[in-house]
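Q: Pasting a structure here, questions to come.
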Amino acid sequence: MIKLSIQGMTCPSCAPKVHNKIIKLDGVHDVSVSYAESLVSITPSEDFNVQSAIDALESEGYQAYIQENSCCTSDQFVSNKKDLHVAIIGSGSGAFACATKAAEGGAKVTIIEGADVIGGCCVNVGCVPSKILIRAAQLAEQQRNNPFAGLENHQPQLNRALLSQQQSARVEELRHAKYQNILDTNPSLSLIKGYARFKNANTLIIDKPDGDQQEISADRILIATGSTPTIPAINGLNDTPFWTSTEALFASALPEHLVVIGSSVVALEIAQAYRRLGSEVTVLARHTLLYREDPLLGEELEKCFKKEGINVLTDTSANNIAHDGKHFVIDSNNGRITSDKLLVTTGRHANTEKLNLKAAGIQVTELGEVMVDAKMQTNVEGIYAAGDCSNMPQFVYVAAAAGSRAGTNMTGGDVSLDLSTMPAVIFTDPQVATVGFTEAHAKQQGIDTISRVLPMENVPRALANFETDGFIKLVAEESTGTLIGAQILAHEGGELIQSAAIAIHNKMTVEELAGQLFPYLTMVEGLKLCAQTFHKDVSELSCCAA
């Protein structure tokens, strides 16, 4: 009898769920689950591998541990991984998620990092410092312009240098807590500083800072090298002191006029933040704002930007850029623009060009992204990839989820990553939040849709907040009414999108969503109201109407 202590069962109904998960595994004769004792008892065959049960439970959100008095402590049931060596190129969120999961599976892990600091993009130059900047800018704007009678507006007293110092301090704090501390306290993890490249499918050559080289061999390898800002081929640009997002996030002084080249996530978040901190801002978009998303999102966000005084120039391309020592001169098809700072944010590309992937036979896309399957494995057995360097969406939570699954699969597990209901948020104000299909994407897949758009002025909480910019759009399959997509532009819209993602994941119809109980007054109630518009006019409903 194999006995596993299990953590994470929240109610008695979890027990049959656990039972059904385990009984389907190879080599299981019988299973009993006790919710009261948090115990799983398994009657196995001789070739049963208990790690498969642990991995299966972890894939459902539980944690399982072999009880000391369980007979499965023999090598007959536990796969011996003490000699398994995992090498990870990179030290960001995907890398560390893989490292900790592989270590839990019994592997020894070597992390290889060429940069001065560990932690990758998110904590150092991405998510963390950008959200600090965005939040500070939002508070500055609320002081300058609030919607409530009786609250006097005033100009905020801003010290950009102090804000930059605070950003850097919080980044250092989180890098130490979430990365360095894990490295220091987990004896299965070790770090080599240097740049790695493939010699063959299981050997890496590391160019170290002191000029020496080191070769290491590994049973499994993860590529998690992240991405780098893509610099467009604009005449004269490389001869100027332009900013990438890194310089913009940590600048110690505010520009008088910031020109932003770009029209997607990073460009729009930083553009609005600098406007709210007090700079004049001009956005140059080659097409429209967020042109890859539902067109209504870009159209309505552009209105919000212009209302704040941001100059948005759509269908505008820079042809030539010069710098006279003090100012940038940007010649475009929409005229000449001058500014004291220029931010270029036109996307990011995978950091794979120096890895010598051909030596290992690893396939990449035309953009240099490592191609992986749903289990994070490349076309070469034993080599995996996660994060921005792979052909997966460039979000830190996708990287972490991919890295974790790669670590599980490297050590005998069999888990995959489903991105069909992956939510995404752009932290402008109002926020852009999306999940699932747009109408256009559904049409490309041959799916006939029906959709509804609910302006936020129909959501009671938005009215109470005097923040009615934006809308909620729900997309459903026409034949069944099943919800397949949501596009939201709303203040705190990011707090709504996960509920839509869960509804889509569970294949709810809009009628079922409309029938759910949502607390009043909340912004997420807007999902219910929008779902109701598929069958009725919500403007004719009373408050809290079901």
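Q: Checking the structure you have, find out if any residue of the range 522-537 is modelled with pLDDT under 95 and surrounded by 13 or more Cβ atoms within 10 Å (Cβ to Cβ).
A: Checking the range 522-537: not a single residue is modelled with pLDDT under 95 and surrounded by 13 or more Cβ atoms within 10 Å (Cβ to Cβ).
Q: Residue check: is A402 over 26 Å from I231 (Cβ atoms), surrounded by 17 or more Cβ atoms within 10 Å (Cβ to Cβ) and assigned by TED's automatic domain parsing to the domain that holds S93?
A: Criteria met by A402.
Q: Next question. Across the range 270-297, what is the total count of residues that are surrounded by 24 or more Cβ atoms within 10 Å (Cβ to Cβ) and assigned to a helix (DSSP H, G or I)?
A: Looking only at that region, the number is 7.
Q: Still on this model: Does T316 qualify as being of a type outside the set (K, R), assigned to a loop (DSSP other than H, G, I, E, B) and in the same structural domain as L254 (by TED's automatic domain parsing)?
A: So T316 fits the description; yes.
Q: From the list D373, D388, which one is more than 23 Å from I484 (Cβ to Cβ) and either without any contact (Cβ under 8 Å) to a residue 60 or more places away in the chain or not in a loop (DSSP other than H, G, I, E, B) (or both)?
A: After ruling out the rest, the residue left standing is D373.
Q: Residues in the range 117-127: is at least one of a type in the set (V, I, T), touching a residue at least 40 places away in the same chain (Cβ under 8 Å), farther than 19 Å from I270 by Cα and not in a helix (DSSP H, G or I)?
A: Yes, that holds for at least one residue.
Q: Report whether or not E152 is without any contact (Cβ under 8 Å) to a residue 60 or more places away in the chain, within 25 Å of E381 (Cβ to Cβ) and either touching a Lys or Arg at 6+ places or on another chain (Cβ under 9 Å) or not assigned by TED's automatic domain parsing to the domain that holds T244 (or both).
A: For E152, the condition - without any contact (Cβ under 8 Å) to a residue 60 or more places away in the chain, within 25 Å of E381 (Cβ to Cβ) and either touching a Lys or Arg at 6+ places or on another chain (Cβ under 9 Å) or not assigned by TED's automatic domain parsing to the domain that holds T244 (or both) - is not met.
Q: Here's something else I'd like to know. Got a number for residues in the range 485-541 being β-branched (V, I, T), under 15 Å from M456 (Cα atoms) and in contact with a Gly (Cβ under 9 Å, 6 or more places away or on another chain)?
A: Here the count works out to 1.
Q: Answer yes if at least one residue in the range 157-165 is charged (D, E, K, R) and surrounded by 17 or more Cβ atoms within 10 Å (Cβ to Cβ), and no otherwise.
A: Yes.
Q: Same structure, new question: Across the range 355-368, what is the total count of residues that are in contact (Cβ under 8 Å) with a residue 60 or more places away in the chain, in contact with a strand residue (DSSP E or B) (Cβ under 6 Å, 6 or more places away or on another chain) and surrounded by fewer than 18 Cβ atoms within 10 Å (Cβ to Cβ)?
A: Counting residues in the range 355-368 that are in contact (Cβ under 8 Å) with a residue 60 or more places away in the chain, in contact with a strand residue (DSSP E or B) (Cβ under 6 Å, 6 or more places away or on another chain) and surrounded by fewer than 18 Cβ atoms within 10 Å (Cβ to Cβ) gives 2.
Q: Can I ask one more? Kindly provide the set of residues from the range 166-197 that are within 21 Å of A102 (Cα to Cα), outside any helix (DSSP H, G or I) and touching a residue at least 60 places away in the same chain (Cβ under 8 Å), ordered by number.
A: The answer is N186, S188, L189, S190, L191, I192, K193, A196.
Q: How many of the residues in the range 198-216 are crowded, with 17+ Cβ neighbours inside 10 Å and within 30 Å of the chain's Cα centre (by Cα)?
A: 4
Q: Another question about this same structure. If you check G211 against the conditions, is it small (G, A, S) and touching a Lys or Arg at 6+ places or on another chain (Cβ under 7 Å)?
A: no
Q: Only one of (1) among the hydroxyl-bearing types (S, T, Y); (2) touching a residue at least 60 places away in the same chain (Cβ under 8 Å); (3) surrounded by 20 or more Cβ atoms within 10 Å (Cβ to Cβ) is not met by S263, so which one is it?
A: So the condition that S263 fails would be (2).
Q: Given (1) in a helix (DSSP H, G or I); (2) more than 27 Å from G347 (Cβ to Cβ); (3) touching a residue at least 24 places away in the same chain (Cβ under 8 Å), identify the lone condition not met by A399.
A: It is condition (2) that A399 fails.
Q: Of everything in the range 384-399, what is surrounded by fewer than 24 Cβ atoms within 10 Å (Cβ to Cβ) and out of contact with any helix residue (DSSP H, G or I) (no Cβ under 6 Å at 6 or more places or on another chain)? Give them in sequence order.
A: Across the range 384-399, the qualifying residues are N391, P393, Q394, F395, Y397, V398.
The values are calculated or read from the model by the stated rules, or taken from the named source; none is laboratory data. Treat the numbers as computed from the prediction; the structure is a model and nothing was measured. A quick note on method: Cβ atoms are made from the backbone with ideal geometry, for glycine too, and the neighbour counts reach across all protein chains shown.
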